[in-house]
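Notes to accompany the following structure.
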Amino acid sequence: MTEIYFRTGEATVFASEGQYSDAMPELVMGSVRGPVGAAFAGMMGQSAGHTRMFAVRDCNQMVKPATMMTSKVTIDSEAYIALFGSVVQAATADAVLDCVIDGIIPRDQVDELCMIITIWLDPRVPGHDKLDKDELYNNNYHATKLAIKRAMNNEPNIDELIANRHKIKHCML
């Protein structure tokens, strides 16, 4: 068994027109005995405005590898934390578990690994009266699964980055 010491991954899934449910998880994954495990344990306390929580599929159903979620933006409303701690949490947890089921994360290592995922939830989402919660779930699910796959496959590799250096620029520029 090869130890997974330190892997990183990210992905973006954009919302459909009129929604603010873009998903942009960034993650670090590694051994519970390495730097990721130390960072994971250090995150157990709360930080004002940046709630941390385990990824759970439902009450008493914490996924493995143990996964800590935290928000990329300051949480300033109960409506925000309600969505973060329900729809987004379920999508994240389901993606982690499905990565084990699909063989992306080695099943025999789930107790030896942990993950920290920073999650983007647009501050406009809680007040959006036509929010499509299914889309919010699906975007976060697919982006998280893709970010984990990229981490496990060390993607993008340096050759791809070099080849695209002058072909691709940041989509927000």
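Restricting to DSSP H runs of at least four residues, report the calculated mean residue ellipticity at 222 nm for the chain, -39500 (n - 2.57) per run over all residues, nearest 500 deg cm²/dmol.
Working: 5 runs with 53 residues, N = 173.
Helix-only estimate at 222 nm: -9000 deg cm²/dmol.
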Could you work out how far the C-alpha centroid of segment 120-143 sits from that of segment 67-112, in angstrom? 14 Å
Compute a Gaussian network model of the chain, connecting alpha carbons closer than 10 Å, and tell me which residue from 24, 44, 69 fluctuates the most. 44
Pseudo-spin-label distance residue 10 to residue 165, built 7 Å along Cα→Cβ, given in nm, is 1.9 nm
Using a Gaussian network model of the chain whose springs link C-alpha atoms within less than 10 Å, name the residue from 92, 118, 144 with the highest mean-square fluctuation. 118
Read through the labelled values [x] 1.21; [y] 0.98; [z] 1.03 and report the label of the one computed as Cα Rg over 2.2 N^0.38 Å from the structure. [z]
Which of 154, 140, 60 moves most in a GNM of the chain, Cα contacts under 10 Å? 60
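Count the lysine pairs in the chain that are 8 or more places apart or on different chains: how many have C-alpha atoms under 22 angstrom apart?
On the way: 64/145; 64/149; 72/133; 72/145; 72/149; 133/145.
Summing the qualifying lysine pairs gives 6.
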Quick one: of the DSSP bridges fully inside segment 7-163, what percent are antiparallel, nearest 5? 70 percent
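Each reported figure results from applying straightforward, stated rules to the coordinates on display, with no laboratory input. Everything numeric here is computed off the predicted structure, so don't read it as measured data. Neighbour counts are summed over all protein chains in view; Cβ atoms, including those assigned to glycine, are modelled from backbone coordinates with ideal geometry.
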